[in-house]
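Colleague: Dropping a structure here in structure tokens format, bear with me for questions.
The values are calculated or read from the model by the stated rules, or taken from the named source; none is laboratory data. What you see is a predicted model; the values in this text were computed from it and never measured. Positions of Cβ are generated from backbone atoms using ideal geometry, with glycine treated the same way; all protein chains shown enter the neighbour counts. In case anyone asks, the SASA skips ligands and DNA or RNA and just uses the protein heavy atoms, side chains included. Shrake-Rupley method; radii C 1.70, N 1.55, O 1.52, S 1.80 Å.
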Amino acid sequence: MRVSIVNLHNMCENNTFFLSKVRRYFKLNGHTVIDAGSDVDLVFIGGCAVTDVMRGRCEKTILKIKQHLEQARFVIFGCLAAFPEGLRSLVGRDGDRFHIIPYQASYRLDELIQARIPYDTVSVNQLQGHIPYQPRMGPEDSYVLIAQGCVNACSYCNIKKVKGTVTSRPEEEIEGEVKGLYRARIRTLTLLADDCGSYGLDQGSDLPTLLVRLCRAAPDMRFKLYTVFPFLFLSYAEQLEPLFAEHRVPYVCLPVQSSARRILSLMNRPYDPDRLAGAIKRLRALDPEVFVYSHFIFNFPTETWEEFEESVAFGRHFDHCVFIGYGENNGTRAAALYPKCDNQTLQAKVQRLEELVKRGELAAFVVPSP
């Protein structure tokens, strides 16, 4: 079978990780994987469901591919598959050609292609076709997936709808994979999860326990953390700081989203920005070379200019960050918040951010809307 794999969001580490895994999965099961072309039997698509707008873009692209490849079968996998309503409407009368498979139902993919090697047993460590938007991440980086889902309940997010609460891989399984990479002379790994901070909370463990175990198993290996929910990072700071002091964690992403306390409350992100700023300062004292990255959401419903400027100022605590304009997620608590910030305000904030970046006063990548 000839399989075309389509990545509709190659800037997303998690999406690209799973599509890289799918690529190897099909090859191991004896199928031919091609990047493009009209002579294909199966089109395997992974995309982004982070906002209503992003899902809509993905659905339009799938419709175009469907119209171009009238005989091929399709698999819609992962995050997009958690929102089947829009997908079913574009499938129309061709339902027998389309298979919508969420992450938790990968066994259906095994059944569909009669796989000798199950999807869940396949491992990969590099992201094929990934286009990173943050510094210190690149196509040559090596990754180890440690968990999916998270324990948090942010008001704007749909990760739990897509993946549920956290599901962690067993420590010994992760250790075995890390040891194999260590023997292959890999000396820096990125630990990947929707939230590394949630790791182990479903099985009586936690992130510091895992990291200490991995540091012992691979004596001079370094571990990038992408990402750690700030509340959990603060909870673990005392246990993690010795690892930063030993230069074992060269990179950490702490997705702040906002530093305005009222907005954080509306986002249901319960942490103290001042404590986080202090923790970042301590990290830099322990390891002056550590790279600390962050995400911010601006133009969140009801956000004032003063609250926006609070986040801009807080962004200077980081070596680099991304500012992403708020995008609606129908059905989330944030979608019910009013008043919304209008497009004129969005554009004014984008202009403000871009001016700061241009003048070298803020190290950031600005995304007007996801």
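Colleague: From Cα pairs below 8 angstrom and at least 6 apart in sequence, can you work out the relative contact order of the chain, rounded to a whole percent?
Modeller: Values: 660 pairs, mean separation 47.6, N = 370.
The value is 13 percent.
Colleague: How high is the relative contact order of segment 208-331? Use alpha-carbon pairs under 8 Å, at least six apart in sequence, and give a whole percent. Write down the numbers at each step before the final one.
Modeller: Working: 164 pairs, mean separation 31.4, N = 124.
Dividing the mean separation by the residue count of segment 208-331 yields 25 percent.
Colleague: Using modelled backbone amide H atoms (1.01 Å from N, in-plane), which distant-in-sequence or interchain residues come within less than 5 Å of Val322's amide H?
Modeller: Distant-sequence amide H within range of Val322: Ser294, His295, Phe296, Phe365.
Colleague: To continue, here is another question. If you count only protein heavy atoms and use a 1.4 Å probe, how large is the accessible surface of Val50, to the nearest 10 Å²?
Modeller: 70 Å²
Colleague: Right, here's the next one. Quick one: putting +1 on the C-beta of Lys and Arg, -1 on the C-beta of Asp and Glu, what dipole do you get for the chain around its Cα centre, in Debye to the nearest 20?
Modeller: Details: 44 positive and 43 negative charges, 112 e Å.
That gives the chain a dipole magnitude of about 540 debye.
Colleague: Given a 1.4 angstrom probe, I'd like the percentage of the accessible area of the chain that is carbon and sulfur, rounded to a whole number.
Modeller: Numbers: 8110 of 16080 Å².
Carbon-and-sulfur percentage of accessible area, whole number: 50.
Colleague: Going highest first, how would you order 237-245, 72-80, 282-290 by mean Cβ packing within 10 Å? It would help to have the intermediate numbers written out before the result.
Modeller: Details: 237-245: 16.4, 72-80: 23.7, 282-290: 14.1.
Descending mean neighbour count gives 72-80, 237-245, 282-290.
Colleague: Under a straight-distance cross-link criterion of Cα-Cα below 21 Å, which lysines are reachable from Lys163, leaving out those fewer than 8 residues away in the same chain?
Modeller: Cα-Cα hits under 21 Å: Lys21.
Colleague: Among all cysteines in the chain, which have no other cysteine Cβ under 4.7 Å from their own Cβ?
Modeller: Cysteines lacking a close Cβ partner in the chain: Cys12, Cys48, Cys58, Cys79, Cys150, Cys196, Cys215, Cys253, Cys321, Cys341.
Colleague: Residue-wise, which Karplus ³J(HN,Hα) couplings in Hz belong to segment 183-200, taking 6.51 cos²θ - 1.76 cosθ + 1.60, θ = phi - 60°, and x for glycine or proline?
Modeller: My calculation for segment 183-200 gives 5, 7, 6, 6, 10, 9, 10, 9, 7, 10, 6, 5, 8, 4, x, 7, 3, x Hz in order.
Colleague: Pull out the extension gain between Val212 and Glu289, defined as 0.36 nm times the separation in residues minus the alpha carbon to alpha carbon distance; nm, one decimal.
Modeller: Difference between extended and current length: 25.7 nm.
Colleague: Rounded to the nearest 5, what % of DSSP beta bridges with both residues in the chain are antiparallel? Let's see the in-between values first.
Modeller: Values: 2 of 42 bridges.
Expressed as a percentage, antiparallel bridges in the chain total about 5.
Colleague: For the ranges 173-184, 298-309, what's the packing order if you count other beta-carbon atoms within 10 Å of each residue, average per peptide, and put the highest first?
Modeller: Details: 173-184: 15.3, 298-309: 18.4.
Averaged packing, sorted descending, gives the order 298-309, 173-184.
Colleague: Another question, if that's okay. Taking H placed 1.01 Å from N in the peptide plane, check which residues at least 5 places from Leu189 or on another chain put their amide H under 5 Å from its amide H.
Modeller: Arg222, Phe223, Lys224
Colleague: Quick check for me: using +1 on Lys/Arg Cβ and -1 on Asp/Glu Cβ, what's the dipole size of segment 32-168 about its Cα centre, in debye to the nearest 20? Mind dumping the intermediate values first?
Modeller: Values: 15 positive and 14 negative charges, 93 e Å.
Magnitude of the dipole: close to 440 debye.
Colleague: Could you size up the charge dipole of segment 67-148 around its Cα centre, putting +1 on the beta carbon of Lys and Arg and -1 on that of Asp and Glu, and report it in debye to the nearest 20? Each step should come with its number before you reach the end.
Modeller: Working: 7 positive and 9 negative charges, 19 e Å.
Computed charge dipole of segment 67-148: roughly 100 debye.
Colleague: Further question on the same structure: Return the sequence-ordered ³J(HN,Hα) values of segment 337-346 in whole Hz as given by the Karplus equation 6.51 cos²θ - 1.76 cosθ + 1.60 applied to θ = phi - 60°, using x for Gly and Pro.
Modeller: Residue by residue, segment 337-346 yields 7, 9, x, 7, 7, 7, 5, 4, 5, 4 Hz.
Colleague: Considering only protein heavy atoms, what per residue accessible area in square angstrom results for the chain with a 1.4 angstrom probe? Please list the in-between numbers first.
Modeller: Working: 16080 Å² over 370 residues.
I get 43 Å² per residue for this part.
Colleague: Rank Asp35, Asp319 by accessible area, highest first, at a 1.4 Å probe radius? If you can, show how the numbers build up before the last one.
Modeller: On the way: Asp35 110, Asp319 55 Å².
Of Asp35, Asp319, the descending order of accessible area is Asp35, Asp319.
Colleague: So what is the relative contact order for segment 173-250, in percent, with contacts set as C-alpha pairs under 8 Å and at least six apart?
Modeller: Value for segment 173-250: 36 percent.
Colleague: Could you rank the peptides 255-265, 101-111 by their average count of other C-beta atoms within 10 Å per residue, with the highest value first? Display every interim value, and only then the final one.
Modeller: Working: 255-265: 19.7, 101-111: 16.7.
In decreasing order of mean packing, 255-265, 101-111 become 255-265, 101-111.
Colleague: Non-local amide H neighbours of Val75 (under 5 Å, H modeled in plane, Pro and chain starts lacking H): which ones?
Modeller: Val43, Phe44, Ile45, His99
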